[in-house]
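Q: Pasting a structure here, questions to come.
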Amino acid sequence: REAKAPDLPGGDTRIRFHRIAATESSDAITDFSAVRSVRSNAVALASWHPEKISSPSAEENSSLDAGEVPALPVYDGTGQQDFADQEAAATHAQLMLQALEMQNKRFEGAGAARQLSAGTQFTLSQHERYPEGENRFKLLSVSHSARNNFDSNIAQILDQLVPASLGNLFGKTPSPGSVSDDDLKAGTYRNSFVAVREVVPIVPAAITERLKPTARGTQTALVTGLPDVAVTTDRNHRVKVQFHWQRGKSPNQGGLRETGNLDDKDGNAPGNDASGTWVRVAEAQSGPNWGSQFTPRIGSEVLIDFIEGDIDRPVVVAQLYNGNDVPPFPAGAESDANHAGTISGWHSTAHDGSGFNQWVVDDTQSQLRMRLASSQGKSQLNLGHLIDQADTGAQRGSYRGQGFELRSDAWGVVRGAEGLLISSTARPVAGASVTSTQMDAHEAVAQLKGAQQLAQTMGEAAAQQQALHSAEALQAKTDFISVIDPQDQGKHPANVNGQDAFKSQAGSRESDSTQPVEKFSKAAVLMESPSNVNWASAASTVLYAGENLHWTTQGDTHWTAADTASLAAGKAATLFAHDGGIQAFAGNGPVSLQAHTDALEILADKEVSVISVNDGIEIKARQKIVLQAGQASVTLEGGNITFACPGTFSVKGGTHGFPGGARDSPEFSKLPDSRPHRYFERLRAIDVTSGNPIAGLNYVIKLGDGTLLRGVTDEHGRTEQVSTAEMQQVQVFWNTSVMPPDEDDTNPIESC
């Protein structure tokens, strides 16, 4: 547009504005006039660029004097990705404006100047309106008209000599007599032309239309990409495709390999990531970090549309099933499914085909269900009418149940940071005028309050009988009830996220301000059922409370152990029966009551019976035994027996023998010492001659309280470790296992 136009051929660029006559020596222009037209005098352009998330735009206004003509802008905001940036948009707007300005004023002329040629420039001379300096013009177009100067009978001659060749020159079917005298007259030449001033840039008018090849409707293609992978895409969610009409070395199946070009045998069907350009993929929902994302995989057939018909702006609008790619749940005609197509959903497979993820929706009448599944760990959530269905099939199988099923061959967790309610109490489904809420557990609250009342009553009865009773456990239960009771702490504030947090009134949509919406005020777990609750395990069950465990039943409590039942308390333990008594039975084996560091009491309002059915009764004491009834007593202390009574002392027997004195020392089992041990000692046997430790040597250790510890030294000559709660004198006797040991033992052994 800025380049200088070439001069007219022949070297002379000047053409006279003059009449035409046979006497003139040079050609001339006979008609020349200016033609003005009203055109758009401003341009505004814009084009959306999806990668840059912007619309590069530009505006240009004509600087030509248009008189009183108002602004007549041309606005074009169609198309996509037409301009890379603002500069490109401005350049195109300037070109478009220059193309419009070129049509504002033109010059039309006519004459017989045979040297005129479109695209060249000339100088018009001898015209009174266009003096020197204003008479340079560029030709836009030239229309030539010429007539031959042959004799009038040339038609018959040509018709006889070359009818076939010359007949076509006149656009007629060659036949005898087809060339008439009207087609050939005396030789003349005339032309007409259109020009602009030399300084006006020449810009094609077509640029104002922004015309490009268009695509007629949608087309299908196959997704291509890198070899040996399932998906080839980029961060902008685009894929590569290859159309079925593309020819080359790797066309779509059944396509043409021959390119029709000997210089390009590879063609434009490479069948890989080199095919074409990146093509955007349309989604049903998309936005900044939200929306759906389903990337077409290599080999999938996709439906391609073109934005505004622009063949350079394809977009994937859908994916298609075909003969190779069938739906995951095929049904209907020519399928093996036992339904007409009630199953729909979504199914994807791992890139290597080893697993899948799945969402199944079954709309069978009266048997509605859904399944959310992953083959990883065989994890599934089944809802509604539960039936058998293969992982990758559409066959509806046998009935399995009703409700929901959450299962996995791996691990499972149910976690609620604010609290968890597990209940089998029925509730109306959520909807209008439903008074129940998410954490509504009023049945459990009522049951716990009843249990609290029972525990408090029994606790007061135990306290009256001077039985030990834990007030902390009872208070812990009270605290827990307050956590879940909506009439206490277990409720939402009056407003949550801008909405009133009150239940609806029965049969109305109005809120009841006296009925707050329930929630746990602490992260509690509540299990509740109107029927039975069962905890069962083939292995072990562990129940732990970091503070208190409160166990209350309105009926009976049964504890059964096939082997050992053990109850241990860090402080005190109490068994209290308000009515009915307490019984302890050992079907086989002994019964033992022990007080290791304090007294043992047996109290009864009436008589106490101690009976040995098949053996004897022994009463032993290390210091003293006192038997007392009323004011009479018998005292056994040390080696003495004392009888005391204010009345008669009677001894009845067939004989009375008083032999000499005798003694019998009782043996006592050592009671376990539950006090913490603070003193530790381990002894070692060493040969005094060699200084080596003696292994395998029998020993007896005697503690200060008379306790005897027997053992054998280890490979290092060491005894077992001795520990006591208080400081004691310890004696060791080597090479013996009985007591009393030999006091004269002179074995050459020393202890250390």
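Q: Tally time: how many residues in segment 617-646 are surrounded by 10 or more Cβ atoms within 10 Å (Cβ to Cβ) and either over 21 Å from A599 (Cα atoms) or under 60 Å from the mean Cα position of the chain (by Cα) (or both)?
A: Summing the residues that are surrounded by 10 or more Cβ atoms within 10 Å (Cβ to Cβ) and either over 21 Å from A599 (Cα atoms) or under 60 Å from the mean Cα position of the chain (by Cα) (or both) in segment 617-646 gives 6.
Q: Look through G416, G393, G377, G397 and report the one residue that is small (G, A, S), outside the structural domain of V483 (by TED's automatic domain parsing) and not in a loop (DSSP other than H, G, I, E, B).
A: Numbers: G416 fails: not in a loop (DSSP other than H, G, I, E, B); G393 fails: not in a loop (DSSP other than H, G, I, E, B); G397 fails: not in a loop (DSSP other than H, G, I, E, B).
Only one candidate qualifies: G377.
Q: So is A318 crowded, with 16+ Cβ neighbours inside 10 Å and touching a strand residue (DSSP E or B) at 6+ places or on another chain (Cβ under 9 Å) or not? Walk me through how you get there before you give the answer.
A: Values: crowded, with 16+ Cβ neighbours inside 10 Å: no; touching a strand residue (DSSP E or B) at 6+ places or on another chain (Cβ under 9 Å): yes.
The answer is no for A318.
Q: Tell me, yes or no, whether segment 32-40 has at least one residue that is at pLDDT 85 or above, over 30 Å from N236 (Cα atoms), under 50 Å from the mean Cα position of the chain (by Cα) and crowded, with 18+ Cβ neighbours inside 10 Å.
A: no
Q: Can you say whether I15 is assigned to a strand (DSSP E or B), among the β-branched types (V, I, T) and modelled with pLDDT of 85 or more, as far as the supplied structure shows?
A: yes
Q: Okay, next question. Based on what the data block shows, is V626 of a type outside the set (K, R), closer than 30 Å to D673 by Cα and outside any strand (DSSP E or B)?
A: no
Q: Which of the following residues is surrounded by 10 or more Cβ atoms within 10 Å (Cβ to Cβ) and either modelled with pLDDT under 90 or not in a loop (DSSP other than H, G, I, E, B) (or both): T574, T597?
A: T574
Q: Which of the residues belonging to segment 459-483 are of a type in the set (A, V, I, L, M) and either free of Cβ contacts under 8 Å to residues at least 60 places away in the same chain or in contact with a Cys (Cβ under 7 Å, 6 or more places away or on another chain) (or both)?
A: Matches in segment 459-483: A463, A471, I481, V483.
Q: When only residues in segment 470-518 that are of a type in the set (K, R) and surrounded by 13 or more Cβ atoms within 10 Å (Cβ to Cβ) count, which is modelled with the highest pLDDT?
A: Applying the filter and picking the extreme gives K491.
Q: Being among the small types (G, A, S), in a loop (DSSP other than H, G, I, E, B) and either modelled with pLDDT under 90 or in contact with a Leu (Cβ under 7 Å, 6 or more places away or on another chain) (or both) is the filter here, so list the residues in segment 275-299 that pass it.
A: Answer for segment 275-299, where residues must be among the small types (G, A, S), in a loop (DSSP other than H, G, I, E, B) and either modelled with pLDDT under 90 or in contact with a Leu (Cβ under 7 Å, 6 or more places away or on another chain) (or both): G276, G299.
Q: Scan K265, K240 and give me the residue that is in the same structural domain as G309 (by TED's automatic domain parsing), closer than 18 Å to I311 by Cβ and either part of a strand (DSSP E or B) or in contact with a Ser or Thr (Cβ under 7 Å, 6 or more places away or on another chain) (or both). Break it down stepwise before answering.
A: Details: K265 fails: closer than 18 Å to I311 by Cβ.
Selected residue: K240, the only one of K265, K240 that is in the same structural domain as G309 (by TED's automatic domain parsing), closer than 18 Å to I311 by Cβ and either part of a strand (DSSP E or B) or in contact with a Ser or Thr (Cβ under 7 Å, 6 or more places away or on another chain) (or both).
To keep it simple, each residue is scored yes or no on (1) surrounded by 13 or more Cβ atoms within 10 Å (Cβ to Cβ); (2) among the acidic types (D, E); (3) outside the structural domain of F306 (by TED's automatic domain parsing); (4) more than 30 Å from T214 (Cβ to Cβ).
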residue	(1), (2), (3), (4)
A89	yes, no, yes, no
T120	yes, no, yes, yes
L124	yes, no, yes, yes
S145	no, no, yes, yes
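Q: Specify which of the listed residues (S300, S335, S275, S250) is in contact with a Lys or Arg (Cβ under 7 Å, 6 or more places away or on another chain) and not assigned by TED's automatic domain parsing to the domain that holds G79.
A: Details: S300 fails: in contact with a Lys or Arg (Cβ under 7 Å, 6 or more places away or on another chain); S335 fails: in contact with a Lys or Arg (Cβ under 7 Å, 6 or more places away or on another chain); S250 fails: in contact with a Lys or Arg (Cβ under 7 Å, 6 or more places away or on another chain).
Answer to the check: S275.
Q: While we're looking at this one, here's another question. Return the pair list, or none, for Cβ contacts closer than 6 Å from residues in segment 401-421 that are over 24 Å from K519 (Cβ atoms) to residues that are of a type outside the set (A, V, I, L, M, F, W, C), at least 6 apart or on different chains.
A: Filtered contacts from segment 401-421: E405/N382; R407/Q380; S408/G377; S408/S379; D409/G377; D409/K378; A410/G377.
Q: Give the number of residues within segment 320-367 that are among the hydroxyl-bearing types (S, T, Y), part of a loop (DSSP other than H, G, I, E, B) and closer than 16 Å to T392 by Cβ.
A: Of the residues in that region, 3 qualify.
Q: For Q402, work out the one condition from (1) surrounded by 14 or more Cβ atoms within 10 Å (Cβ to Cβ); (2) farther than 15 Å from S344 by Cβ it doesn't fulfil.
A: Failed condition: (1).
Q: How do the pairs read when you match residues in segment 227-246 that are free of Cβ contacts under 8 Å to residues at least 60 places away in the same chain with residues anywhere that are exposed (fewer than 15 other Cβ atoms within 10 Å of the Cβ) and assigned to a strand (DSSP E or B), using Cβ under 9 Å and keeping only pairs 6 or more apart or on different chains?
A: Qualifying pairs under 9 Å: H237/S286.
The values are calculated or read from the model by the stated rules, or taken from the named source; none is laboratory data. Note that this is a predicted model, so its numbers are computed, not measured. So basically every Cβ, Gly included, is an ideal-geometry build from the backbone, and we count neighbours across all protein chains shown.
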